[in-house]
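Some notes on the structure that comes next.
The numbers here are math on the coordinates, done by the rules we state, and not lab data. Keep in mind the model is a prediction, meaning the values are calculated, not measured. Quick reminder, even Gly has a Cβ in these numbers, built from the backbone with ideal geometry, and neighbours come from all protein chains shown.
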Amino acid sequence: MKLNGQIALVTGGTSGIGLAAADLFRREGARVIVVGTDAERLAAAEARLEGGGFAIAANLRRAEDIDRVMTAVRARYGKIDILYANAGLGRAAPLEAVTEDQIDEQFEVNFKGLFLTIQKAVPLMARGGAIVLTTSFLNSKGTPGLSILSATKAAVRSLARTLGAELAPRGIRINAVSPGPISTPFAGKLGLSEPELKAFADGVAGQVPLQRFGEADEIARAALFLASSDSGYVTGTEIVVDGGLSQF
Ligand SMILES: NC(=O)c1ccc[n+]([C@@H]2O[C@H](COP(=O)([O-])OP(=O)(O)OC[C@H]3O[C@@H](n4cnc5c(N)ncnc54)[C@H](OP(=O)(O)O)[C@@H]3O)[C@@H](O)[C@H]2O)c1
C-alpha cells in the first residue's frame, strides 16, 4: 500500500473526483478526512470510509470553517501528511452575463478557499508532506462561457509553482492534477439548461482526442501518484489527465 498510516485531508471529498480519491487513498492505507458542504453527501462519504477517517462540513468560502477543519484534524490525528485541495465549482456565462456574485463565488471557493486551506494545513505538515491541487484543462485552453472558472484554475496552477518554491526548503511538495472533461456532477452545476448542457458536453467530448469523457478514478490515480513517495522528486508541476484535449 502506497499511503500506509498516512493522514490525508481531501476537500471536495464527498463527490466526483474527491470522493474517488478519498476511496483510493483509503484503500492505499491512509486515514482520510473528507470536507464538503452537503450533509447527506458527507454522511455517505463517511460511511464509505468504514471507520478509516471522518467527514466534516465546511464551507471553504469561510475562513473560520477552514480553521474548524484543522482543529478537528489536529485533535483526532495531530498531523496531516497529504492535502488534496480539490473542491471547486463553476458557473457558465458569456462575458456580458457574468455577475459580480459569480466572480466572487468561483474565486472564493476555487482560489481563496484553496489558498487558505493550504495556509492553515501546512502548520500540521512535516517534511515529506505532499499537497495536490485540482486545476483544469481550462487553465491553458480558451472555452467560451467559462472565463471566470478558467481564470481561477490558472491561478491555482500558478500556486503550485509559487507555493512549491516557498515550501520546497521545508520538504513539502506541491503539484497539480489537471483534469479534462470528467464524468462527475460538476458540469450539471454550471447553471446551463438541459439543451445547453447537452450541447456543451457533446461539443467538449467531440474535441477530446481519446474520444470520451474521463472517469473520476483516472484523476484519483494521478493524485495518488503525486501524493505518494512515487513522486518524491516532483514538485511545482502539473499532470494533465485530459485525453489529450489541451495537448493536440
Ligand atoms: N468534472 C470535470 O469535468 C472537471 C474538469 C476539470 C477540473 N475539475 C475540477 O475537479 C474538482 C472536483 O470536481 P468534480 O468534478 O469532482 O465536481 P463535483 O462532483 O461537483 O464535486 C465538487 C466537490 O466540491 C465540494 N465543494 C463545492 N463547493 C464547496 C464549498 N464552498 N465548500 C466546501 N466544499 C465545496 C462539493 O461538496 P458539496 O457537494 O458537499 O458542497 C463536492 O464535494 C473541482 O475543483 C473542479 O473544478 C472538474
Checking the stretch 17-66 for trypsin sites (Lys or Arg not before Pro) in a loop per DSSP with at most 16 other beta-carbon atoms within 10 Å yields 61, 62
Once label points are set 7 Å from the Cα along Cα→Cβ at both residue 74 and residue 40, what is their separation, rounded to one decimal in nm? 3.5
Kindly provide the GluC sites (Glu not before Pro) of the stretch 45-151 that DSSP labels as loop, not H, G, I, E or B, and whose Cβ sees at most 16 other Cβ atoms within 10 Å. 50
Any residue on another chain or 5+ positions along whose placed amide H is under 5 Å from the amide H of residue 214 is listed here as 182, 183
Show the residues, 5+ positions off or on another chain, whose built amide H is closer than 5 Å to the amide H of residue 145. 95
Any aspartates and glutamates whose Cα falls less than 13 Å from that of residue 120, other than same-chain ones fewer than 8 residues away, would be 64, 65, 67
In terms of Cα to Cα distance under 19 Å, which lysines are near enough to residue 189, apart from those fewer than 8 places away along the same chain? 153, 198
Using θ = phi - 60° and Karplus 6.51 cos²θ - 1.76 cosθ + 1.60, couplings along the stretch 170-178 (whole Hz; Gly, Pro as x): 8, x, 10, 9, 9, 9, 10, 9, 10
Residues listed by number, the stretch 116-159, amide nitrogen under 18 Å from residue 193 label point at 7 Å toward C-beta: 145
